[in-house]
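First up is the structure itself, then whatever we jot down about it.
The values are calculated or read from the model by the stated rules, or taken from the named source; none is laboratory data. Just so it is clear, the structure is predicted and the values come from calculations on it, not from any experiment. Cβ atoms come from the backbone with ideal geometry, glycine included; neighbour counts cover every protein chain shown.
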Amino acid sequence: MLSIEVEGTTYHSLSWTEVEDYTSDLAEKIHIIYQPSTLLAVMKGGAVVGVLMADRLGVGRIYTVNVRSYVKVGARGKVEVYQEPPRECIEGKQILTVDDIVDSGQSLSTITQLIRRYGAKDVRSAVLLVKEGSRYIPDFFVQKVKGWVFYPWEVREACEEIYAKTGSIEEAQKILTADLGFKRKQIRMVLAKVKQVC
């Protein structure tokens, strides 16, 4: 995991390889204790982790739940579930809810309550990372982290945030590539679009 502090905020980034390694580590922890029949991936970061996790655990039934709580990096709104999983896919099943990270824990807590109302036989949660200070601690996670985490599928979000902090395309590009490990080609294209919008 690469890290840098910019204007008083700590940012971390994970590579695709690290995401796969963390997922494998998480799957090993889960496999010893829990055998889910159904996996529920929290969109959108949880979708990537969910597919990897389903492969590692050999779970064939994967569904998604869509929630919205972030307005932008670090700015939270009310948790809104705007696409629920089908009730018949949850009722009586052993569910593993998967996401990429727990921040405050409001989203995962809301989803867990929903799944219990749907009559799941058992509900467990798994994430790669948990932010320090989270009120909700999932059943399974790899490590705790302090600061903001960018995953490799969050190129635009990383570009928007770092450009907003620096106000300079050149400085943002340096931080994003040299310090956070994003590929230069991806960053150039996205930063050009971000600059036009800002």
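Residue by residue, here is whether (1) at positive phi; (2) in contact with a strand residue (DSSP E or B) (Cβ under 8 Å, 6 or more places away or on another chain); (3) acidic (D, E) holds:
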residue: D21; (1), (2), (3): no, no, yes
residue: A27; (1), (2), (3): no, no, no
residue: Q35; (1), (2), (3): no, yes, no
residue: L39; (1), (2), (3): no, yes, no
residue: T64; (1), (2), (3): no, yes, no
residue: V67; (1), (2), (3): no, yes, no
Original post:
For the stretch 85-139, how many residues are farther than 22 Å from A27 by Cα and among the basic types (K, R)?
Top reply: 4
Subject >> Residues satisfying the stated conditions in the stretch 71-88, i.e. loosely packed, with under 12 Cβ neighbours inside 10 Å and modelled with pLDDT under 85 >> reply: V71, K72, G74, A75, G77, K78, E80, Y82, Q83
**OP:** Report yes if some residue within the stretch 104-124 is within 27 Å of M1 (Cβ to Cβ), touching a residue at least 40 places away in the same chain (Cβ under 8 Å) and part of a strand (DSSP E or B); otherwise report no.
**Re:** yes
Original post:
Do the conditions hold for I187, that is, is it free of Cβ contacts under 8 Å to residues at least 60 places away in the same chain, within 23 Å of the chain's Cα centre (by Cα) and over 13 Å from Y11 (Cα atoms)?
Top reply: yes
Subject >> Residue satisfying all of: in the stretch 17-50; among the small types (G, A, S), surrounded by fewer than 21 Cβ atoms within 10 Å (Cβ to Cβ) and under 24 Å from N66 (Cβ atoms); farthest from the chain's Cα centre (by Cα) among these >> reply: S37
Subject >> Breaking point among (1) of a type in the set (A, V, I, L, M, F, W, C); (2) assigned to a strand (DSSP E or B); (3) over 21 Å from A120 (Cβ atoms), for L40 >> reply: (3)
**OP:** Confirm whether E91 is surrounded by fewer than 14 Cβ atoms within 10 Å (Cβ to Cβ) and not in a strand (DSSP E or B).
**Re:** yes
